[in-house]
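**Student:** One structure is given below, represented as structure tokens, and several questions about it will come after.
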Amino acid sequence: MQKKIKEEKEITEKAIEKQAEKEQKEKQKLIVVPGETIVSGMDYLAGEGCIREGKDIVAIKYGLATIENNLVKVIPLGGTYMPRVDNVVIGQVVDITFNGWIVDIFSPYQSFLPLAETTARPRQDISEYFDIGDILVMKVKAVQPRSVTLTAKEKGLGKVTSGLITRVSPVRVARIIGKKGSMIATIKEVTKTKIVVGQNGLIWIKGENAESELLAKEAIELVAENPLLDGLTEKVKEYLEKKVKK
Amino acid sequence: MAYTKRFDGRAFDETRPIKAELGVVENADGSALFAFGDTVAIAAVYGPRQLFPQHLQNPQKALLRFYYDMLSFSVKERKKPGPSRRSLEISDVATQALEPALMLEKFQNCVIDVYAQVLQANASTRTACINAASLALAQAGLPMKDLVVSVSVGKIGESLVVDLTKEEEDYQEGGKKAATDIAIAMLGKTKHISLLQLDGAIKPDELFKAIEMAKKAAESIYQAQIKTLKEISKKWV
Amino acid sequence: MGVIETSKIMRNTIIGLLRNGKRLDERKLDEFREIEIIPDISKNAEGSCKVKIGKTVVMAGVKIDIGEPFPDSPDEGILVVNAELLPLSYAGFEPGPPGIDAIELARAVDRGIRESGFIDLKKLCIEEGKKVYSIFIDIYSINHDGNLVDASFLASVIALKRSFLPKIEKAYDDYRVVYGEKTKNPLPLQKPPFLCSIYKVADNFFLDANLVEEKVSDARLSVAFTDNTIHAMQKNGSDVLSTDELKVAVELAKKGIQQIKKKAEKFL
């Protein structure tokens, strides 16, 4: 009886693997390179990562092409973080001015957190509130042509004082969060950690102990390194549960 | 006159075997290795990122900086460390070779740094570097109108050839230089020329024949670049 | 420079882990990351080697020329070690001539190789007082994920081991190298030295720091050995070491060298 169950499990595992491989190959077909025509026809609309050239929709980024309701998009496989309003980001204070902090959020533009966007009362020495080197969880409040304004007013934003920080490519963030947050919720649940995923690729993890933090970090890296794999949420859950049992 | 068979036995319109690989420098935003036979180059891209000092910033578009250099031991006679005048010149023309493909207006005030190093040299080093850079820029997720493809062509004796080796570059007949060396870069799809340098002695009609040969070779290099980009790393399987 | 590398919370987390004998990856305090050695990576060099330690990648190449000996050692060949921390290997490296870090790295490697007598410089004399072989070792960082110095030393030693003297010709009264033609004669080498660095964070000592660990470390001690003889030592960093700590560090270095030796054996 045991043997039969084991065999069935192996068959199911093999089927899942095969399905994953097949879907990978499908996805590989949709990889486009800059300059490549994705689709032709005036019905289509060029979204992010592509432009219209005559009757063709042409990719301008290296990534995965998707077509939904005639909207053509290219999801890049790599790239620097470009700030968008309301994004949660994690950054480090690199300088202090008389009315705020200059924060590095790994974006090409200078980012500024004004004193007014925090719950600090105006003080003589604002470095007492946030100092150079401090890690902050913030939201993007405004994006101007060459600068970004941040805010740390809301609940859940502000300085982190312990735990660990890891970094992934910004293009992996969506995968790490998962559909409706399913992936990150799974990781948080099994490792019993608090995790804040910055859209800029920086991730803060806080657990009861270093082991749980490291395990969560490992799971995140697993997702970041295997983004195209289907059924990844399940696989990650299995992997973590095995390790936690140890 | 007498160059009827290439030193390495290749056909006149044949490039050396091409090797291309993505992600050779993990820290970089994008990186690649590109080789024509035993001329091997790597390129790494960092950017777009903030540009200091401020006075270098351009409010219209990003600054593209290309740094070309050769490892001291990449050549037969050791190259002294540090950029030579030749390196600076190549850095400059390579920047101009890549600019038309990039959409720099999307990143005003920023900088995109491309660092290219020749690991092993057997002529055609700038073309290998540009091909590597093109892949690295794509991998870095930069918006590009097209890929950039580069190859050398030349006239050795009376024969027009593609992808010169050092031996061909140095070819002499009767004690005099008998090689014309042309470096070309083009946009992959349109084959419009973004880099053109020539040294030697060649008639205009021969030059245009050589350019046609370059375009054909560029097409196979372009396909090789596309293939490399489309082959996702085995790690993802 | 980068957020992670220089943040206080990472330093605290790392110290917490180290105190429990743990690190950010699953290594022990006296454990190296995977060491990969790829020799002969550049044909035009007289000898070359690429070394990977974890994600750190370094290339070293040997070029041999003919030069004049130094006046105080007229019968000895010349050794020059140069290192470049390439901007391509890490966003925190800027273009330009080698800064103090690159110079220190080159000098640490030079010291270890020279003092161990690995290269028998006396056998590199062509004409006493006039012509000797000049050995140039050029080291380049290709990807920086910590501990460049250990990787650089290993790459240099193997590159030297794989080197062959170039062909030389005598023209009138002068000797010159026939660039590109090698003889079958290897460099006159003795027993190879090995170098291992120990990193200190607060009161914890460990081997083979990755980038984050290196950035939070307060001091580093690099030790070069041949068997049980120490040939060179270099301490970097602003923290101090007690004599007892020094003893701990040297013992740890020996352990590290065992691991390096194991991987390097087949190339030496």
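The values are calculated or read from the model by the stated rules, or taken from the named source; none is laboratory data. Being a predicted model, the structure only gives us computed values, none of them experimental. Heads up, the Cβs are rebuilt from the backbone with ideal geometry, glycines too, and the neighbour counts pull from every protein chain shown. Each accessible area value is taken on the protein alone, full model and side chains, heavy atoms only, with ligands, DNA and RNA left out. Shrake-Rupley method; radii C 1.70, N 1.55, O 1.52, S 1.80 Å.
**Student:** Of all residues in region B:10-53 being at the interface with chain C (Cβ under 10 Å from one of its Cβ atoms) and without any contact (Cβ under 8 Å) to a residue 60 or more places away in the chain, which is least open to solvent (accessible area, probe 1.4 Å)?
**Tutor:** Ranking the qualifying residues of region B:10-53, first place goes to B:Val25.
**Student:** Which of (1) touching a residue at least 60 places away in the same chain (Cβ under 8 Å); (2) open to solvent by 50 Å² or more (accessible area, probe 1.4 Å) is the odd one out, the single condition B:Leu135 does not satisfy?
**Tutor:** (2)
**Student:** Taking region A:36-77, which residues are farther than 16 Å from B:Leu147 by Cα and of a type in the set (Gly, Ala, Ser)?
**Tutor:** Correct list: A:Ser40, A:Gly41, A:Ala46, A:Gly47, A:Gly54, A:Ala65.
**Student:** Among the helices (runs of 4 or more DSSP H) contained in region A:130-246, which hold 2 or more residues that are surrounded by 18 or more Cβ atoms within 10 Å (Cβ to Cβ) and within 12 Å of chain C (Cβ to nearest Cβ)?
**Tutor:** A:210-225
**Student:** Also, I was wondering about something else. Of all residues in region C:188-220, which are in a strand (DSSP E or B), open to solvent by 20 Å² or more (accessible area, probe 1.4 Å) and either of a type in the set (Ser, Thr, Tyr) or under 18 Å from C:Glu245 (Cα atoms) (or both)?
**Tutor:** C:Phe205, C:Arg220
**Student:** What are the residue pairs meeting all of these: first residue in region C:171-189, first residue on the phi > 0 side of the Ramachandran plot, second residue open to solvent by 80 Å² or more (accessible area, probe 1.4 Å) and outside any strand (DSSP E or B), Cβ atoms under 6 Å, and 6 or more apart or on different chains?
**Tutor:** Cβ pairs passing all conditions: C:Gly180/B:Lys76.
**Student:** Tell me which residues, restricted to region C:163-187, are under 22 Å from C:Ile119 (Cα atoms) and not in a strand (DSSP E or B).
**Tutor:** Within region C:163-187, C:Ser163, C:Leu187 meet the criteria.
**Student:** Within region C:157-187, how many residues turn out to be under 19 Å from B:Lys76 (Cα atoms), open to solvent by less than 80 Å² (accessible area, probe 1.4 Å) and more than 14 Å from chain B (Cβ to nearest Cβ)?
**Tutor:** Final tally of qualifying residues: 6.
**Student:** B:Tyr67 fails exactly one of the following numbered conditions: (1) within 11 Å of another protein chain (Cβ to nearest Cβ); (2) within 17 Å of the chain's Cα centre (by Cα); (3) assigned to a loop (DSSP other than H, G, I, E, B). What is the number of that condition?
**Tutor:** Going through the list (1) within 11 Å of another protein chain (Cβ to nearest Cβ); (2) within 17 Å of the chain's Cα centre (by Cα); (3) assigned to a loop (DSSP other than H, G, I, E, B), B:Tyr67 breaks only (3).
**Student:** For C:Asp65, work out the one condition from (1) surrounded by 22 or more Cβ atoms within 10 Å (Cβ to Cβ); (2) part of a strand (DSSP E or B); (3) at the interface with chain B (Cβ under 10 Å from one of its Cβ atoms) it doesn't fulfil.
**Tutor:** Going through (1) surrounded by 22 or more Cβ atoms within 10 Å (Cβ to Cβ); (2) part of a strand (DSSP E or B); (3) at the interface with chain B (Cβ under 10 Å from one of its Cβ atoms) one by one, C:Asp65 breaks only (1).
**Student:** Taking into account only those residues within region B:181-197 that are within 14 Å of chain A (Cβ to nearest Cβ) and among the small types (Gly, Ala, Ser), which is farthest from B:Glu168 (Cα to Cα)?
**Tutor:** B:Gly188
**Student:** Which ones in region B:54-71 are under 26 Å from C:Glu84 (Cβ atoms) and surrounded by fewer than 15 Cβ atoms within 10 Å (Cβ to Cβ)?
**Tutor:** B:Leu56, the sole residue that qualifies.
**Student:** Among what's in region C:86-126 and is farther than 20 Å from C:Ala232 by Cα, touching a Pro at 6+ places or on another chain (Cβ under 7 Å) and part of a loop (DSSP other than H, G, I, E, B), pick the residue that is most open to solvent (accessible area, probe 1.4 Å).
**Tutor:** Here the answer is C:Glu94.
**Student:** Hey, among A:Thr66, A:Thr12, A:Thr97, which residue is out of contact with any Asp or Glu (no Cβ under 6 Å at 6 or more places or on another chain), open to solvent by 60 Å² or more (accessible area, probe 1.4 Å) and of a type in the set (S, T, N, Q)?
**Tutor:** Answer to the check: A:Thr12.
**Student:** While we're on this one: Of the residues B:Glu212, B:Glu219, which single one is part of a helix (DSSP H, G or I), over 30 Å from B:Gly30 (Cβ atoms) and open to solvent by 30 Å² or more (accessible area, probe 1.4 Å)?
**Tutor:** The unique qualifying residue is B:Glu212.
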